[in-house]
Structure formats: structure tokens, C-alpha cells
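Each remark here refers to the structure printed beneath this line.
The values are calculated or read from the model by the stated rules, or taken from the named source; none is laboratory data. Remember, predicted model here, so these are calculated numbers, not experimental data. Virtual Cβ from ideal backbone geometry, glycine too; neighbours counted across all protein chains shown.
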Amino acid sequence: MAAEPPARQRRSRVLLIVAGGIAAYKAPDLVRKLIAAGCEVQVVVTEAALGFCTELSLATVSGRPVRRSLLDAGAETGGVGHIELADWPDLVLIAPATADLMARAAAGMANDLASCVLLATRAALLWAPAMNTNMWRHPATRHNLELLAARGSSFVGPDRGELACGWIGEGRMLDPPILAAAARATLDGEVHPQVRGPEAGSATASVTSSALSGRRVVVTAGPTRAFLDPVRFISNASTGAMGFALAAAARARGAEVVLIAGPVALATPAGVRRVDVETGAQMLAACREAVDEGADLLAMVAAVADLVPADPATEKVDKDRVLAGFADMQWRAEVDILATLVREREAGERGVGMRILGFGAQTVASRPGEGETSEGETSEGETGEGEPGAGAAEADRVRARLRELGRAKLARKGCDALFVNRVGIPGGGFASPTNAGLLIFSDGPGAGGPGAGGPGELDSGPSRPKAELAAWMLDGLAARWWSAAQEGEGA
């Protein structure tokens, strides 16, 4: 097989998935607009979509055969066609995105070609919803939006207007010129005003939508690896979901976002510039470079390895010598990226004026005296409300201990705020789709408003999807640091 040319040496590749809604009749025009924007376009249709537009029209305008069946013997010849198809694009645009297809994607189903591609691709996903107003507003649809956003998806639209059913309301797919412009901006890593995640329903959303617009946000996410030899390493169970959700939420609020990601299996949120790293040293270097380009907020969500071998093996250690080869290995502490960047900011070396948000995962024993720990710059866990069935007194004790540990880490690291959460309990921990905790500020009274906790903190309340939690967190930070009142005070 011939080597793939680098993306910069070819036209951008857009895989357009057309689902079965009335707005599918706009698909041929959308293909034309995407091609005019400098994209190669491959169309995938659901069977229902062909009730609203023809396969011939889509093939004619795209210049490529339309893919419609998972059981296409011709397409599968010589390889696994649907996997090759999923691996081809730089961006997957789903337009129209029906409630059914979003529900199947959120559930991880793979029962037709479109859903298989969505499950297999690593490309950015941009959804253009189109449906009846009540379907759009239904709690099931909102939940599916949150799940998709937490996994890195972004959304453009829907618009408000006259729907096919005769209603006036939200649910109308945006017109092809807007969708093509949004796709082009996403491919170029630029901010488009109509690309966003699902609304979090926060009371401060109107503040943060303008307060974060145009600001530059740097987010770290996922684990790092400490290599023992060229093929073996130690790491941790971070999935990167919280960091990716935070990056998507910042991008949805109009921020320019750089996402520095450890090795994770998550699609890049639309419009976000991603930098992939493996080790703590690489992550620190990437953070320094991103901060030097200018940053208003640095969110250190990644779970950086605590220890690394002082002298890792330069060649693979044979299996029969593993125990002897690693038993006497000397270790050193991995670089503390958060503390290092705080120190460099305070010394005026970089990031002057930048706000820094740290993360802390803590275990709080269900009874006093049991193991309480831990360090880390990750937030993949549960809240401090006490374990299921615990009474109010136990919940208060757990929250107080979580607050104590969080404030100690905040003081030790020197950052401006710290989100502290509980791990190691049912319903939380790594790979959980939900999270909760305390957002603690280093300077004075809390921002107040919905979810206000004690002095200088916000309590997120019960566990919620990470996409929703990320939106809540950014709303709280923006209201605290970048609202009009705070800007007027020179905050």
C-alpha cells in the first residue's frame, strides 16, 4: 500500500453522513459547498435518507460512489471496507443528524454502515441536528448530546424556524453554506460562532459565552507513560474524558483551545487544536510551547505518572530476564508539571497573567483512620457526598475531608483554583461518564450563585455527565475571573 501523504499536502477529507430526515434533500448542495471550501467529500447514507435524496445525485456532485450498505461485497473486497472508510476522513460531518442516529451513536451501536463508521473513526465529529422541537428538547436527546459531547463531539445548530411538521421552533438544520463554513473552520482549528456543545443549562451561561469568547485556553488530558524499556511502561487508568469534555466546553464558549493529550482513544473535539504526547517531559514541553503562544487559562487535567525510571533500558529486556532486569531499577520523581508552570509564571518566565486550574483526585475512607490519599492532576471520579446509603453526617464528614485535602493541595501547588473529587467509590473513578466535586479558589469568597459551596468554593452537587460538569466548571471560573464586574475591578 502506498504511503499516505501528510494532511497538509492534500485536500481536507470530509466524510458526510446523511441520515433519514427531511433536511437530507439539502445534502447535494452541502456537498457542493464543502468541495468549494477545499474538501474532498465521501458520502455515506442511511437507507432512510434515500427517501429524501437520490444516490445518483450525491454520487454526481461528490464524484465518488455513495456508500450505503455495511454488507457491500464490492467495497469490502481486499480489506475491511467500513474500517478503511472510518480511517479516511479528517472530519465526519453528520447532516442531517437525526435523533435516532444520535441515540444509536451514544449507545455505541453498530447496526448499519453509518453507525459502524461513527464507532470506528478517530476523526473529529461534527453533528448538525435536525428534528422536531419536542424531540430536540426531550431529556433522552439531551442526555445523548451530553454523552456524545463528553466523548469529543461538537454540534452546529439546530436553528429556530419553520419545521417540516409546520411547527415554529428549534430543530431546523442550518443551511449548507453555514455548515460548510463550520466544517472548514473545524478542519482549520479555528473558532466558528455556531459550533458548540450542548447547553449545560447553567444560570451563568450568558456570562461565560461572552467572557470566554476569544480567550485562549490550554487543557491537558489523559495519562502519561513512564517507559521501563522501549516497549514496556507504567501508566494509570485515566481515559482523558474529563479533559476532553473541558476542551469541548471551552471551545463551545468561543475560546481558542489547545488540547495536550496523553495516549487516549478519544476523538478530537471539533475546532480544538490537539497535541499528542506520551511522557511527562513531552507534556511539560508542549505546555510551555502553548503557554508561550499566549494563554488566559491553563487547565491541568492530565494524570501525570508520579515515578519514572532513572535509567530505563535502551533495548527490550528479554521475557526470561524481566524480573532480574527490573527488580533493581532505580526511580526518580516525575517532573511536577503543575508546580513547575506555577513557579515559572510567578518568576515572570512565561504565562504572566494566566490563570491556572489544577485537578486533584482523592480517596476518602468511609470511616476515619482508613487510607486517605492521593496525589494526581486528574479528575476522573466521584463527589464527596458519602457512599451510597450514607447519612447526612457521613456525607458532611466526607465533604469536609475532601475540602481539607483539596485546600492542602491548592496551597502546595500554588495554582489559582483546584477541582477536587473523590475516587475509588461505586459510580465514579476512571472511565466513569459522570463526575462531581468541589471547585476551590485560592483567593477569598466564592463566586456564589448556583452550586455555591463554602467560602471560596463551588460545590457541583450530585454526579453529572462530564460534559455538563465541564460546562458548569467553566461557567464558575468565568463568572469569578472574567465577568464584566471582575474585568472592571482589574481581576
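The C-beta contact set for region 404-418 (first residue small (G, A, S) and surrounded by fewer than 17 Cβ atoms within 10 Å (Cβ to Cβ), second residue in a helix (DSSP H, G or I) and modelled with pLDDT of 90 or more, distance under 6 angstrom, 6+ apart or interchain) comprises G414/V342. Just one of (1) part of a loop (DSSP other than H, G, I, E, B); (2) on the phi < 0 side of the Ramachandran plot fails for G152. It is (2). Flag: L70 does not match the condition of being at pLDDT 95 or above and assigned by TED's automatic domain parsing to the domain that holds T186. Scanning region 243-272 for residues that are part of a loop (DSSP other than H, G, I, E, B) and over 14 Å from G214 (Cα atoms) returns G262, P263, V264, A265, L266, A267, T268, P269, A270.
For V322, the conditions (1) at pLDDT 95 or above; (2) not in a loop (DSSP other than H, G, I, E, B); (3) not acidic (D, E) all hold with the exception of (1). Among residues of region 400-424 being among the charged types (D, E, K, R) and modelled with pLDDT of 80 or more, the one that is farthest from K466 (Cα to Cα) is R412.
So, of the residues in region 113-141 that are crowded, with 24+ Cβ neighbours inside 10 Å and under 13 Å from H82 (Cα atoms), which turns out to be farthest from the chain's Cα centre (by Cα)? Of everything passing the filter in region 113-141, L113 is farthest from the chain's Cα centre (by Cα). Of the residues making up region 25-43, those that are of a type in the set (A, V, I, L, M, F, W, C) and part of a helix (DSSP H, G or I) are A27, L30, V31, L34, I35, A36. Checked across region 445-456, the condition of being modelled with pLDDT under 80, under 20 Å from L297 (Cα atoms), buried (at least 18 other Cβ atoms within 10 Å of the Cβ) and touching a strand residue (DSSP E or B) at 6+ places or on another chain (Cβ under 7 Å) holds for at least one residue. With respect to A110, determine if the residue is assigned to a loop (DSSP other than H, G, I, E, B), surrounded by fewer than 24 Cβ atoms within 10 Å (Cβ to Cβ) and either within 23 Å of the chain's Cα centre (by Cα) or without any contact (Cβ under 8 Å) to a residue 12 or more places away in the chain (or both). Yes. Figure legend. Inter-residue proximity from region 214-226: first residues closer than 13 Å to E278 by Cβ, second residues charged (D, E, K, R) and in a loop (DSSP other than H, G, I, E, B), beta-carbon distance below 7 Å, spacing 6+ or different chains. Indicated pairs: T224/E278; R225/E278; A226/E334. I need the full set of residues from region 54-66 which are surrounded by 20 or more Cβ atoms within 10 Å (Cβ to Cβ) and touching a residue at least 24 places away in the same chain (Cβ under 8 Å), in order please. Within region 54-66, L58, S62 meet the criteria. Among the residues of region 126-149, those that are in contact with a Leu (Cβ under 9 Å, 6 or more places away or on another chain) and either under 19 Å from A471 (Cα atoms) or of a type in the set (D, E) (or both) comprise L126, W127, L148.
Residue check: is V275 surrounded by fewer than 23 Cβ atoms within 10 Å (Cβ to Cβ), without any contact (Cβ under 8 Å) to a residue 40 or more places away in the chain, among the aliphatic types (A, V, I, L, M) and outside any helix (DSSP H, G or I)? For V275, the condition - surrounded by fewer than 23 Cβ atoms within 10 Å (Cβ to Cβ), without any contact (Cβ under 8 Å) to a residue 40 or more places away in the chain, among the aliphatic types (A, V, I, L, M) and outside any helix (DSSP H, G or I) - is met. Restricting attention to region 302-319 and to residues that are among the hydrophobic types (A, V, I, L, M, F, W, C) and assigned to a loop (DSSP other than H, G, I, E, B), the residue that is nearest to G476 (Cα to Cα) turns out to be A302.
Got at least one residue in region 206-228 being over 29 Å from I337 (Cβ atoms) and at pLDDT 85 or above? I'd like the intermediate steps shown before the answer.
Step one: of region 206-228, the residues over 29 Å from I337 (Cβ atoms) are 206-207, 209-210.
Filter again for at pLDDT 85 or above, leaving none.
The answer is no; no qualifying residue exists.
Here is a list of conditions, (1) farther than 20 Å from L16 by Cβ; (2) touching a strand residue (DSSP E or B) at 6+ places or on another chain (Cβ under 7 Å); (3) assigned to a helix (DSSP H, G or I); (4) not aliphatic (A, V, I, L, M), and N144 meets all of them except one; can you say which number that is? Unmet for N144, out of (1) farther than 20 Å from L16 by Cβ; (2) touching a strand residue (DSSP E or B) at 6+ places or on another chain (Cβ under 7 Å); (3) assigned to a helix (DSSP H, G or I); (4) not aliphatic (A, V, I, L, M): (2). Taken together, A295, A285, A299 contain a single residue that is in a loop (DSSP other than H, G, I, E, B), at pLDDT 95 or above, within 30 Å of S153 (Cβ to Cβ) and not assigned by TED's automatic domain parsing to the domain that holds A124, which is A295. Yes or no: V117 out of contact with any Asp or Glu (no Cβ under 6 Å at 6 or more places or on another chain) and part of a helix (DSSP H, G or I)? Answer is yes for this residue.
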